[in-house]
Amino acid sequence: MSPIGLAVIGAGYWGPNLVRTARATGEFRLEWLCDLDLGRAQRVLDPYTSVRATASYEHVLADPAVAAVAVATPAATHFDLVRAALEAGKHVLVEKPLTATVAEGEKLAALAHQCGLVVMCDHTYCYTPVVRRIRDLIRSGEIGDIQFVDSVRVNLGLFQPDVDVLWDLAPHDLSILDFVLPDGVMPVAVAAHAADPVGTGRACLAYLSLWLSTGVLAHVTVNWLSPTKIRTTVIGGSRRTIVWDDMSPQTRLMVHDRGVDLMQADSLAPDERRQALISYRTGDISVPALPEHEALMSVMAEFAGAITERRAPMTDVGAGLRVLTMLDAASRSADQGGIRVPLQMEASR
Ligand SMILES: NC(=O)c1ccc[n+]([C@@H]2O[C@H](COP(=O)([O-])OP(=O)(O)OC[C@H]3O[C@@H](n4cnc5c(N)ncnc54)[C@H](O)[C@@H]3O)[C@@H](O)[C@H]2O)c1
């Protein structure tokens with residue numbers, strides 16, 4: 001099968017990663033790199049490449065050799081760019097977050113459905129070996145019932161001109177949560193607190209609490225002001241607890257047979273009932289071996305697979321919309337002092 005003609009839109013921080021991975025996969029033939037700043041697009045490409053640089057999105061969409069576009073521009077531009085691509089009959093890979101508002105995301109979902117074209121959201125972490133393994137550990141029942149989720153994503157971050165820390169970093173944690181939770185389990189409400197202690201005009205740290213349909217509480221911390229980079233997620237289960245430390249390549253993922261069991265009162269002798277009903281498990285810690293491969297290569301493979309097999313991609317427009325719904329509710333909560341905002345999300349994944 002001949003490679004799919006692709007254009008990458010946006011040659012800023014992230015776009016060059018899409019350029020590199022698209023060129024490394026045989027499933028795509030990169031035709032264009034488009035950026036409003038033509039010089040920036042030209043600098044990303046080597047001088048002897050056949051890939052063309054342009055500042056004109058219209059030229060890209062008019063080119064019949066282009067069957068798909070990958071959009072890596074600021075979130076506020078996603079709606080117009082994705083809509084134009086779909087109207088021109090192109091498949092789309094769009095960076096997180098899907099759009100800047102839920103209403104825009106819903107319009108794109110409807111349009112994608114109407115056109116029968118692929119719209120895939122680049123929820124990159126869902127394509128990492130570690131997140132795939134976490135998903136398997138949860139869905140196979142190995143960790144038991146989820147009791148809590150605690151995710152921390154902090155570093156000295158790039159201040160984004162158009163989004164706050166919530167919309168910049170939390171899409172990662174929310175897309176991971178959306179991906180790993182068992183079918184039918186989903187967030188039903190969110191509360192968030194956010195702050196801007198240095199007066200940048202937008203929140204640079206935020207704390208999100210999400211209540212799951214099982215009653216479990218999940219928590220996400222995001223922060224652009226931390227001098228140290230921390231990327232940890234702990235998912236406590238009734239049988240095992242997952243500890244993912246993305247900054248520790250040797251022990252990126254650990255599965256602890258450690259935790260707390262609650263003994264049934266009627267299983268105790270009367271004279272024992274006065275004693276605590278809590279018992280501590282201090283079992284083994286295992287470190288699953290993970291394959292080494294770049295998540296973005298898997299993103300590209302999934303995008304190509306969805307196009308050629310005419311199927312929904314793993315992180316489809318619905319996944320993008322669910323993340324958007326959580327972000328939007330979290331922003332509304334933060335704006336209103338942290339009130340609990342109910343979430344209305346489709347049940348099936
Ligand atoms: N998946 C990930 O892990 C990941 C990581 C970083 C950023 N991102 C996402 O990638 C997107 C881009 O982020 P970034 O940090 O690269 O931004 P950036 O500001 O560094 O680059 C954006 C580029 O888009 C260009 N641009 C803006 N509007 C355009 C238009 N209408 N047509 C063509 N070019 C246009 C700008 O000139 C700029 O060069 C965002 O949605 C961001 O959330 C994803």
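Any residue at all in segment 101-119 that's in a helix (DSSP H, G or I), polar (S, T, N, Q) and open to solvent by 50 Å² or more (accessible area, probe 1.4 Å)? Yes, segment 101-119 has at least one match.
Which one of these is modelled with pLDDT of 95 or more, within 11 Å of the ligand (Cβ to nearest atom), among the β-branched types (Val, Ile, Thr) and open to solvent by less than 40 Å² (accessible area, probe 1.4 Å): Thr73, Thr77? Selected residue: Thr73, the only one of Thr73, Thr77 that is modelled with pLDDT of 95 or more, within 11 Å of the ligand (Cβ to nearest atom), among the β-branched types (Val, Ile, Thr) and open to solvent by less than 40 Å² (accessible area, probe 1.4 Å). Taking each residue of segment 95-106 that is in contact (Cβ under 8 Å) with a residue 24 or more places away in the chain and looking for partners that are polar (S, T, N, Q) and surrounded by fewer than 20 Cβ atoms within 10 Å (Cβ to Cβ) with beta-carbon atoms closer than 9 Å, six or more apart or interchain, yields Ala100/Thr77. For the structure I just gave you, tell me whether Cys126 is open to solvent by less than 70 Å² (accessible area, probe 1.4 Å), part of a helix (DSSP H, G or I), within 15 Å of the ligand (Cβ to nearest atom) and at pLDDT 95 or above. Here the answer is yes, as Cys126 does meet what is asked. The numbered conditions (1) more than 16 Å from the chain's Cα centre (by Cα); (2) open to solvent by 10 Å² or more (accessible area, probe 1.4 Å) are all true for Ala189 except (2). Checked against the criterion of being away from the ligand (no atom under 16 Å from the Cβ), in contact with a helix residue (DSSP H, G or I) (Cβ under 7 Å, 6 or more places away or on another chain) and under 30 Å from Ser2 (Cβ atoms), the candidates Ala304, Ala312 yield just one match: Ala312. If I ask for residues that are charged (D, E, K, R), open to solvent by 30 Å² or more (accessible area, probe 1.4 Å), modelled with pLDDT of 95 or more and more than 9 Å from the ligand (Cβ to nearest atom), which ones from segment 24-70 would you list? Residues satisfying the conditions are Glu27, Arg29, Arg43, Arg52, Glu58. Taking the listed residues Pro161, Pro171, the one that is closer than 23 Å to Met247 by Cβ and within 10 Å of the ligand (Cβ to nearest atom) is Pro171, with no other qualifying. For segment 1-23, the tally of residues that are away from the ligand (no atom under 11 Å from the Cβ), part of a helix (DSSP H, G or I) and not β-branched (Val, Ile, Thr) stands at 3. Taken over segment 33-87, the criterion of being of a type in the set (Phe, Trp, Tyr) and more than 21 Å from Cys121 (Cβ to Cβ) is satisfied by Tyr48 alone.
The values are calculated or read from the model by the stated rules, or taken from the named source; none is laboratory data. From a predicted model like this one, the values you see are computed outputs, not experimental measurements. Note that each Cβ is placed from the backbone with ideal geometry, even for glycine, and that neighbours are counted across all protein chains shown. Note: accessible area is taken over every heavy atom of the protein model, side chains too, but ligands, DNA and RNA are not part of it. Shrake-Rupley method; radii C 1.70, N 1.55, O 1.52, S 1.80 Å.
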